[in-house]
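Asks: For reference, the structure I am asking about is given below.
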Amino acid sequence: MPIITLIEAIRIAMDEELARDPRVFITGEDVGKRGGVFRATQGLFEKYGPTRVVDSPLAELSIVAIGIGAALADLRPICEIQFADFIHPAFNQIVNEAAKMYYRSEGQWRVPLVIRSPYGGGIGGGLFHSQSVEAFFTHVPGLKVVIPSTPYDAKGLLKSAVRDPNPVLFFEPKKGYRAIKGEVPSDEYTVPIGPARVARQGKDLTLFAYGMMAYYAELAAEQVARQDGIDTEVIDLRTLLPLDKTAILSSIQKTGKALIVHEANLTSGYGAEIAAVLADDGFHYLDAPVKRLCGPDVPGVPFSHPMQEFFMPNPDKIAAAIRDLAAY
């Protein structure tokens with residue numbers, strides 16, 4: 001199988017879905033001739049033309065609102081929000097319109113809409129190009145929230161998102177766009193939305209993560225296995241909403257210790273929901289307190305590279321947290 005990057009897998013998924021279904025189209029800022037700020041749509045404008053790959057105004061509210069209207073008209077829009085930091089002007093459309101349409105219409109209306117957006121820090125983007133916003137949307141029934149960490153999953157999950165009859169937010173770890181590589185089949189396949197992935201089998205403790213942190217978690221797990229003999233199981237959640245509680249509880253039943261890692265702020269971050277699941281339904285399996293390694297509670301990821309490194313979890317920080325928990 002060819003080895004490709006995360007961003008290439010995302011581009012291939014969109015290319016294949018545009019070719020498969022004439023109802024699919026892409027819209028967003030600079031997605032046309034420029035190919036997107038990260039080149040996710042590079043070459044698609046030339047291949048499919050301006051009615052399938054549509055440059056939008058700099059107006060996130062309108063990008064999503066147009067996507068909702070098109071979805072209600074039985075099209076299959078993929079709306080790109082250039083950075084997750086800019087998604088907030090469309091918050092009302094996502095939360096009060098797209099997420100609630102199926103419920104309020106008693107199933108008569110669906111919104112088959114995909115909203116793609118790069119999220120997270122680590123690229124020197126500063127306060128307004130580095131945010132992790134996933135927790136806001138996992139609070140909203142009616143949405144699905146997906147974050148891949150491998151090229152294989154990025155392609156398969158995005159294809160599933162395009163085919164889903166209801167709205168999917170597809171957040172992409174931008175630091176991993178070209179840093180993460182992996183084998184991806186050329187043949188047709190999808191990855192189902194919902195189930196988590198056991199990225200690494202282990203018996204001493206479980207590390208729960210997603211996106212770039214799932215990639216780092218595997219590196220850290222290999223490091224402590226090699227240096228300390230600690231056998232860490234890594235669960236890549238992949239889908240945050242709906243959450244795969246079965247996978248979480250199955251793993252903690254085996255290992256008895258849980259470390260949760262994400263780069264968003266600690267307080268009210270998504271890791272709190274995982275901790276709540278463990279406390280509610282897995283308490284009798286636990287041999288240690290549930291621990292979290294997250295970004296600090298400051299307003300954003302600093303532009304300064306030393307301060308950025310202070311903010312961001314990385315494999316060494318994760319390895320240190322694994323050692324501390326294993327020693328409990």
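Asks: Tell me yes or no: at least one residue of the range 136-156 is without any contact (Cβ under 8 Å) to a residue 24 or more places away in the chain and of a type outside the set (Gly, Ala, Ser).
Replies: The first filter runs over the range 136-156 and keeps only residues without any contact (Cβ under 8 Å) to a residue 24 or more places away in the chain, leaving 139.
Right, trim to of a type outside the set (Gly, Ala, Ser) and you get 139.
Looking for residues that are without any contact (Cβ under 8 Å) to a residue 24 or more places away in the chain and of a type outside the set (Gly, Ala, Ser), one finds at least one in the range 136-156, hence yes.
Asks: Restricting to the range 219-246, count the residues that are in a loop (DSSP other than H, G, I, E, B) and not small (Gly, Ala, Ser). Before you say what the answer is, go through the steps one by one.
Replies: Initial filter on the range 219-246 (in a loop (DSSP other than H, G, I, E, B)): 229-231, 237-238, 242-244.
Next cut, not small (Gly, Ala, Ser) only: 230-231, 237-238, 242-244.
Final tally of qualifying residues: 7.
Asks: Still on this model: Sort out which residues of the range 180-194 are out of contact with any helix residue (DSSP H, G or I) (no Cβ under 7 Å at 6 or more places or on another chain) and without any contact (Cβ under 8 Å) to a residue 60 or more places away in the chain, and write them in order of number.
Replies: At the first step, the residues of the range 180-194 found to be out of contact with any helix residue (DSSP H, G or I) (no Cβ under 7 Å at 6 or more places or on another chain) are 185-188, 194.
Within the range 180-194, Asp187, Gly194 meet the criteria.
Asks: Can you report the number of residues in the range 273-295 which are part of a strand (DSSP E or B) and free of Cβ contacts under 8 Å to residues at least 60 places away in the same chain?
Replies: Taking the range 273-295 and keeping what is part of a strand (DSSP E or B), we get 291-295.
Still in the list and also free of Cβ contacts under 8 Å to residues at least 60 places away in the same chain: 291-294.
Here the count works out to 4.
Asks: Report yes if Ala13 is aliphatic (A, V, I, L, M), in contact with a helix residue (DSSP H, G or I) (Cβ under 7 Å, 6 or more places away or on another chain), buried (at least 20 other Cβ atoms within 10 Å of the Cβ) and part of a helix (DSSP H, G or I), otherwise no. Give the derivation first.
Replies: On the way: aliphatic (A, V, I, L, M): yes; in contact with a helix residue (DSSP H, G or I) (Cβ under 7 Å, 6 or more places away or on another chain): yes; buried (at least 20 other Cβ atoms within 10 Å of the Cβ): yes; part of a helix (DSSP H, G or I): yes.
When the stated conditions are applied, Ala13 passes them.
Asks: Could you grab the pairs with beta carbons closer than 7 Å, sequence gap of 6+ or different chains, first residue in the range 201-218 and part of a loop (DSSP other than H, G, I, E, B), second one acidic (Asp, Glu)?
Replies: Filtered contacts from the range 201-218: Gln201/Glu233; Gly202/Asp231; Gly202/Glu233; Lys203/Asp231; Asp204/Asp231; Tyr210/Asp236.
Asks: Could you list all residues from the range 161-192 that are farther than 21 Å from Trp109 by Cβ and crowded, with 17+ Cβ neighbours inside 10 Å? Let's see the steps before the verdict.
Replies: Narrowing the range 161-192 to residues farther than 21 Å from Trp109 by Cβ: 170-192.
Within the range 161-192, Phe170, Phe171, Glu172, Pro173, Lys174, Lys175, Gly176, Tyr177, Ile180, Gly182, Val184, Val191 meet the criteria.
Asks: Scanning for something among the acidic types (Asp, Glu) and not in a loop (DSSP other than H, G, I, E, B), does the range 250-272 turn up at least one residue?
Replies: Taking the range 250-272 first, the residues among the acidic types (Asp, Glu) are 263.
Filter again for not in a loop (DSSP other than H, G, I, E, B), leaving 263.
Within the range 250-272, one or more residues are among the acidic types (Asp, Glu) and not in a loop (DSSP other than H, G, I, E, B).
Asks: Scan Gly49, Gly67, Gly32 and give me the residue that is in contact with a strand residue (DSSP E or B) (Cβ under 7 Å, 6 or more places away or on another chain), over 18 Å from Ile7 (Cβ atoms) and in the same structural domain as Arg163 (by TED's automatic domain parsing).
Replies: Numbers: Gly49 fails: in contact with a strand residue (DSSP E or B) (Cβ under 7 Å, 6 or more places away or on another chain); Gly32 fails: over 18 Å from Ile7 (Cβ atoms).
Going through Gly49, Gly67, Gly32 in turn, just one is in contact with a strand residue (DSSP E or B) (Cβ under 7 Å, 6 or more places away or on another chain), over 18 Å from Ile7 (Cβ atoms) and in the same structural domain as Arg163 (by TED's automatic domain parsing): Gly67.
Asks: Looking only at the range 26-37, filter to residues that are in contact (Cβ under 8 Å) with a residue 24 or more places away in the chain and surrounded by fewer than 20 Cβ atoms within 10 Å (Cβ to Cβ); which one of those is nearest to Pro112 (Cα to Cα)?
Replies: We begin by selecting, within the range 26-37, every residue in contact (Cβ under 8 Å) with a residue 24 or more places away in the chain; these are 26-31, 36-37.
Remaining after also requiring surrounded by fewer than 20 Cβ atoms within 10 Å (Cβ to Cβ): 30, 37.
Values: Asp30: 23, Val37: 25 Å.
That would be Asp30.
Asks: With Gly300, Gly295, Gly282 as the choices, which residue is within 25 Å of Phe83 (Cα to Cα) and modelled with pLDDT of 95 or more? Talk me through it step by step, then tell me what you get.
Replies: Details: Gly300 fails: modelled with pLDDT of 95 or more; Gly282 fails: within 25 Å of Phe83 (Cα to Cα).
Result: Gly295 is the single residue among Gly300, Gly295, Gly282 that is within 25 Å of Phe83 (Cα to Cα) and modelled with pLDDT of 95 or more.
The rows are residues; the columns are (1) in contact with a strand residue (DSSP E or B) (Cβ under 7 Å, 6 or more places away or on another chain); (2) over 19 Å from Thr27 (Cβ atoms); (3) small (Gly, Ala, Ser).
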position	(1), (2), (3)
Lys100	no, yes, no
Tyr103	no, yes, no
His129	no, yes, no
Ala135	yes, yes, yes
Val146	yes, yes, no
Tyr152	yes, yes, no
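Asks: Follow-up question, since we're still on this one. Is at least one residue of the range 305-316 acidic (Asp, Glu), modelled with pLDDT of 95 or more and not in a helix (DSSP H, G or I)?
Replies: No, there is no match, as no residue in the range 305-316 is acidic (Asp, Glu), modelled with pLDDT of 95 or more and not in a helix (DSSP H, G or I).
The values are calculated or read from the model by the stated rules, or taken from the named source; none is laboratory data. All figures in this text were calculated on a predicted structure; none of them were measured in a lab. Heads up, the Cβs are rebuilt from the backbone with ideal geometry, glycines too, and the neighbour counts pull from every protein chain shown.
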